[in-house]
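Structure, as structure tokens:
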Amino acid sequence: MSLSDTTTRLRVVVAGLGFPVLRGRATQPLGWPRSDPDSRFGTASRIDSETRPDPDSHTDRGADSRSLDDLSSGGVDTPLSSDLNSRADSPVADDVSRETAAVSRETSSIASDTPAAGDTPLADGIVETARRRSALATATFPRPDHTRTLTVANQKGGVGKTTTAVNVAAALAQAGLRVLVIDLDPQGNASTALGIDHHAEIPSVYDVLIDGAALHDVIQQCAELPTLQCAPATIDLAGAEIELVPLVARETRLHRAITRHLGGLPEEERLDYVLIDCPPSLGLLTVNAFVAANEVFIPIQCEYYALEGLSQLLKNIELIRNHLNPDLHVSTILLTMYDGRTRLSAQVADEVRDHFGPQTLRTTVPRSVRISEAPSHGQTVITYDPLSSGALSYLEAASELAERGRGSGAHNSAAHNRPASGAGERTE
């Protein structure tokens, strides 16, 4: 059987299997189909057909093999080889070679110019954070001579009052200071953050203000920090604004309760700090907090609205100082929710520092997911994630607050020993 007959039968079998039938001469050997002779590769096809030996012929295979070897080694000068050689020597190929070499040199230059780890902003931030943590790890918070009472207030909501109150308190307590947090916000968020139960049946600040209960009867111990206590708030406190109106000395009721509590503590159990968390309003609850304290701690969100409401808050503080509490003054301002990527935060921070330079802490509290997550676990960020940027910022703020209170105890003691008289005795 000849090769052409075999090829024809194979073509029938291939077509029966679903493959397309190869078109061409029956004697064409199996393999790639021929290209169009008029195409750019037609020359190569003709060369291939001329150099490929015919299986039916009896020509000298040695001569054919020598011809193929000469073709592959460049011994035969064909149009294809000439075309390839001319393309290799063309200016385009030279340009490609030069561009490839230039890219190689640029890559080497970039690799050699890559800065060291300490020269990048990310690495610098990591080094700075490690330095701050190291400094705080060896720092000690000074204990004030007498109890300092601070009202954390801002009538603008959502600026971080409760977050600041509980985290600064936790940072102070972690340093070994004795701290009491009084939750005056009917929402009870400070109680939640400290893991304190505050459902409706729990004795709370409401009982102190309305029923005259002793403060030590409502105080609960924080489970995470042994030197941190909390007087919780319940939903009943929402009605205290109205119920306080007809009561005698309605503005000084919290002040008298705190004074009695501090006076009944032995020296070894003396409180170092009392932080009062206020609601986002300027009602009677906030007035009670202003009268009870002699320092105002104002958290300011780094946005325009918070800055706009600061002037109104300062006017109310001035009214309280003129009529109810002459010792009241703004001692501390903390910038919260600071975003260094925005110009607005930097502008608000500069504006606050220009007007309240001595009162504004150097520390700014950044936006942090960990700070927001911590209350859902009944913890402050100080205990929830001590290595987070938020915990580090509040530790630094607490350290600054403690340093500023060094030697200021006599003034605080005089404020708590003042008589609860004057305008607070009226029953308007």
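The values are calculated or read from the model by the stated rules, or taken from the named source; none is laboratory data. Nothing here was measured: the structure is a model prediction, and the numbers come from that model. Ideal geometry is used to build each Cβ from the backbone, glycine not excepted, and the neighbour counts take in all protein chains shown.
Determine, yes or no, whether residue 407 is at pLDDT below 90, more than 17 Å from the chain's Cα centre (by Cα) and in a loop (DSSP other than H, G, I, E, B). Spelling it out, residue 407 is indeed at pLDDT below 90, more than 17 Å from the chain's Cα centre (by Cα) and in a loop (DSSP other than H, G, I, E, B). When you look at residue 266, is it loosely packed, with under 14 Cβ neighbours inside 10 Å and not small (Gly, Ala, Ser), yes or no? Against the criterion (loosely packed, with under 14 Cβ neighbours inside 10 Å and not small (Gly, Ala, Ser)), residue 266 qualifies. Look at the range 246-257: where a residue is on the phi < 0 side of the Ramachandran plot and a partner is of a type in the set (Gly, Ala, Ser) and buried (at least 24 other Cβ atoms within 10 Å of the Cβ), sitting 6+ places away or on another chain with Cβ atoms under 7 Å, you get 254/289; 254/292; 255/292. If we only count helices (runs of 4 or more DSSP H) wholly inside the range 143-237, which ones have 3 or more residues that are in contact (Cβ under 8 Å) with a residue 60 or more places away in the chain and touching a Ser or Thr at 6+ places or on another chain (Cβ under 7 Å)? Answer list for the range 143-237: 161-174, 189-193. Count of the range 369-387 residues, restricted to those that are in a helix (DSSP H, G or I) and closer than 21 Å to residue 232 by Cα, is 11. Residues of the range 261-277 that are over 40 Å from the mean Cα position of the chain (by Cα) and hydrophobic (A, V, I, L, M, F, W, C): 265 alone. Starting from residues that are among the hydroxyl-bearing types (Ser, Thr, Tyr) and under 23 Å from residue 280 (Cβ atoms), keep the ones in the range 201-255 and report whichever is surrounded by the fewest Cβ atoms within 10 Å (Cβ to Cβ). The extreme case among them is 234.
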